[in-house]
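The values are calculated or read from the model by the stated rules, or taken from the named source; none is laboratory data. None of these values were measured; they are calculated from a predicted model. FYI the Cβ positions are ideal-geometry reconstructions off the backbone, even for glycines, and counts take in every protein chain you see. Note: areas computed on protein heavy atoms with side chains; ligands, DNA, RNA excluded. Shrake-Rupley method; radii C 1.70, N 1.55, O 1.52, S 1.80 Å.
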Amino acid sequence: MAYRWKNDLTLGDATPRGVFLNRRQIMAGSAGLGLGLGLAGLAGLAQAQEALEANTLDEIRAYNNFYEFGTGKEDPARNAGAMVTSPWTIKVDGLVDNPGDYALADLLDGLTVEERIYRFRCVEAWSMVIPWNGVELADILARVGVQAGATHVAFETTVQPDVMIGVQRGVIPFPYVEGLRLDEAMHPLTIMATGIYGEPMANQNGAPIRLVVPWKYGFKSIKSVVRITLTDSEPPASWNIINAREYGFYSNVNPTVDHPRWSQASERRIGGGLFASRQDTLMFNGYDEVAPLYEGMDLRAFY
Ligand code: MTE
């Protein structure tokens, strides 16, 4: 059966706050008119609506992690403009039928670019709602032909030392690398994003193409990908290499497993403004449909 992904976040909800408040009143009204929502249900609905508001493009582009361009949140916006993103070639190798150096346009040719409005939760306990444009990674993998022995997918970010101040300073080991289990990579929620709000991906967000895995902490969503390798073992992952005790390979968003140095039970929504208060972090960042991928696994051990 074909999987139908349903956007639970819609851009229509990124409306001015006045309208937003109105909607809540309307909802409260209709509940009163006998839609059968109890008080708790109403509170839940209001909370769900609150989570719908997408961040602005400016917020998404101004507050970043991209250590190649420095460790400060504003460094990527300041420094990433010099990254060369065209032409862009992605090396696909390992256990695939069609290995090669693919021009980005060839790899994506004919694939469906969709809008996916996802919650995005950084391991540092901040979050945004981001309207990505992208293709399912599964479609790319189908194109290159995954061989039977493959169990994992490895990713690598470009290294351009001339323009990457973080690389020059060696703030962490580069290239930045990440990996997924094959079933995670094939999950329909997993996308390779090429844009935000219908605009081409800004350099600081990982132009021209980056991974997005919405149920995992943001550091799994590796930027500016130049290599995709199908392997038969768990690939290295940058933050896991740097500090395995603090950052596991899986890194599923999990409010019940704290980071050794801070709680993961709640998060701060970037740009919350007047309404800014910490909100509860959801298991798998609210994407419960991935739970079967981890059935029988101790998520405390496989953090
Ligand atoms: N990818 C690379 N190559 N380098 C990085 O430093 N940071 C990660 C992830 N991908 C990072 C990366 C982290 S910690 C987060 S939270 C997200 O990118 C941030 O994505 P954003 O800046 O688009 O919000």
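Taken over the stretch 120-140, the criterion of being in contact (Cβ under 8 Å) with a residue 60 or more places away in the chain and more than 10 Å from the ligand (Cβ to nearest atom) is satisfied by Ala125, Val129, Pro131, Asn133, Gly134, Leu137, Ile140.
Matching residues to (1) more than 12 Å from the ligand (Cβ to nearest atom); (2) of a type in the set (D, E, K, R); (3) closer than 19 Å to Trp132 by Cβ; (4) at pLDDT 95 or above:
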residue	(1), (2), (3), (4)
Asn65	no, no, yes, yes
Phe69	no, no, no, yes
Arg78	yes, yes, no, yes
Lys91	yes, yes, no, yes
Leu95	yes, no, no, yes
Tyr102	yes, no, no, yes
Asp106	yes, yes, no, yes
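Filtered by the rule that a residue be under 13 Å from the mean Cα position of the chain (by Cα) and of a type in the set (Val, Ile, Thr), the stretch 159-205 gives Thr190, Ile191, Thr194, Ile196.
The set of residues in the stretch 192-204 being open to solvent by less than 10 Å² (accessible area, probe 1.4 Å) and closer than 21 Å to Pro175 by Cα consists of Met192, Ala193. In the set (1) closer than 15 Å to Arg227 by Cα; (2) within 13 Å of the ligand (Cβ to nearest atom); (3) out of contact with any helix residue (DSSP H, G or I) (no Cβ under 6 Å at 6 or more places or on another chain), Met201 fails one condition alone, (1). What number of residues within the stretch 161-174 are surrounded by 18 or more Cβ atoms within 10 Å (Cβ to Cβ) and not in a helix (DSSP H, G or I)? Final tally of qualifying residues: 2. Which of the residues belonging to the stretch 166-198 are at positive phi and among the small types (Gly, Ala, Ser)? Answer for the stretch 166-198, where residues must be at positive phi and among the small types (Gly, Ala, Ser): Gly170, Gly198. Restricting attention to the stretch 181-199, which residues are in contact with a strand residue (DSSP E or B) (Cβ under 7 Å, 6 or more places away or on another chain) and of a type outside the set (Val, Ile, Thr)? Those that are in contact with a strand residue (DSSP E or B) (Cβ under 7 Å, 6 or more places away or on another chain) and of a type outside the set (Val, Ile, Thr): Arg181, Leu182, Ala185, Pro188, Met192, Ala193, Gly195, Tyr197, Gly198.
Checked against the criterion of being open to solvent by less than 20 Å² (accessible area, probe 1.4 Å) and more than 18 Å from Pro76 (Cβ to Cβ), the candidates Trp132, Trp215, Trp126 yield just one match: Trp215. The residue that is surrounded by the fewest Cβ atoms within 10 Å (Cβ to Cβ), counting only those in the stretch 233-275 that are among the aliphatic types (A, V, I, L, M) and in contact with an Asp or Glu (Cβ under 6 Å, 6 or more places away or on another chain), is Ile270. Only a single criterion out of (1) near the ligand (Cβ under 10 Å from one of its atoms); (2) hydrophobic (A, V, I, L, M, F, W, C); (3) without any contact (Cβ under 8 Å) to a residue 40 or more places away in the chain is not satisfied by Ile60, namely (3).
Only one of the numbered conditions (1) surrounded by fewer than 21 Cβ atoms within 10 Å (Cβ to Cβ); (2) among the aliphatic types (A, V, I, L, M); (3) farther than 28 Å from Asp106 by Cβ; (4) within 12 Å of the ligand (Cβ to nearest atom) is violated by Val226, and that is (3).
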